[in-house]
Amino acid sequence: MEPLVKWEGPLLRSKEAGSPTRRPPLAPSTSSAGKAGSKNVSLRMGRIFALLLLLALCVRSARAQQDQSTWHLLIEPSFMNPEVSFPISGARHTVLVPGYLSDGEPQYFSKKDWTALGLTWDSFRLRAARNATEKKFHAALVRDAHKVVQYAAINSDDPLTDTMVLSPDFLKKFQDIFGPTLLVALPNRFTVYVFPGLASEYQSYAPMIIRNYQDSTYPVSKEIFEISENGIRAVGAFEEGPPDPTETDSTPVESGTLP
């Protein structure tokens, strides 16, 4: 009589009966195929997640562009080559850039978006100025050995710190200390130095200004700007040179939030 099941495999010998038996065939391994399939699924899910994240960022950016409360006029180095920019009188390496805040970070308007929103220099500048007036800042007044105020230093974690000099209120807050015309240095986004308009020794602080420019991830300018009722204009630039001993003689002896 033929066996009901015919085994195909190596013979085994039973320890009890001593009769030969056959090993059942091994099932094919699926571990490699399973791993490959799992990897492909993970890659597809990763790509889908990345696309959804990119789409969400684009939507958020578009909303920020249309929200006028996020508009700001940025002061930027010309080497950033923004698509939309406007000159600062007398400046060679610094420009004004229409921008907006998205997730707390300044962004440039592209030429396409600028045109699509129908924006103009005058309309944008006026709206951005209203946003700038809301800025509050803490200034340290630095005096020399004779207790004469040499400059004010403003430092903040806000990436729009340097743009405060464009606010109509900025000049008013310092004119009682430095007079109707100010000189300002903007070495990076987070730092502003304010000097009297008649100061003739500001070049003595060049090493300090240049160091703040070079050490920053977001440098702005090595030029010196005049702030007056007529607006902002560049009147010179800080030149690199050996440290001046007068810099070490000036130390912060008074600080506070200006009214």
**Study point:** Listed pairs 112/136; 147/172; 111/173 exceeding 28 Å between Cα atoms
**Key:** 112/136; 111/173
**Study point:** Packing-based ranking, highest mean first, of 219-226, 116-123, 203-210 given that Cβ atoms within 10 Å are counted
**Key:** 219-226, 203-210, 116-123
**Study point:** Computed label-point distance, nm, for sites residue 126 and residue 215 using a 7 Å Cα→Cβ extension
**Key:** 4.3
Revision key, fill the gap. So, relative contact order of segment 139-254 in percent, Cα under 8 Å, 6 or more apart, is 29
Exercise for review: Would you please classify the overall shape of segment 139-254 from the alpha carbon gyration tensor, given that a ≥ b ≥ c denote the square roots of the eigenvalues, rounded means a/c under 1.5, and beyond that prolate means a/b larger than b/c while oblate covers the rest?
Suggested key: rounded
Check your understanding: For the pair residue 176 and residue 143, how long in nm is the line joining their label points, each one 7 Å along Cα→Cβ?
Key -> 1.7
Check your understanding: Taking only the alpha carbons of segment 66-132, what extent do you get along each of the three principal axes, in Å, biggest first?
Key -> 31, 24, 22
Check your understanding: Can you tell which of 148, 231, 212 lies farthest toward the positive end of the dipole of segment 139-254, using +1 and -1 charges on the Cβ of basic and acidic side chains (Lys, Arg; Asp, Glu)?
Key -> 231
Practice item. Taking the Cα centre of segment 66-132 as origin, work out the dipole magnitude from +1 charges on Lys and Arg Cβ and -1 charges on Asp and Glu Cβ, in debye rounded to 20. Key: 240
Practice item. Would you mind computing, in nm to one decimal, how far apart the modelled labels at residue 86 and residue 116 are, each placed 7 Å from Cα along Cα→Cβ? Key: 2.2
**Study point:** Over segment 66-132, relative contact order from alpha-carbon pairs under 8 Å, at least 6 apart, %
**Key:** 38
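Quick note: the coordinates plus some simple rules give every number you see, no bench work behind them. As the structure is a computational prediction, the values presented were derived from the model and not from experiment. As a convention, Cβ positions derive from the backbone with ideal geometry for all residues, glycine included, and neighbour counts pool all protein chains shown.
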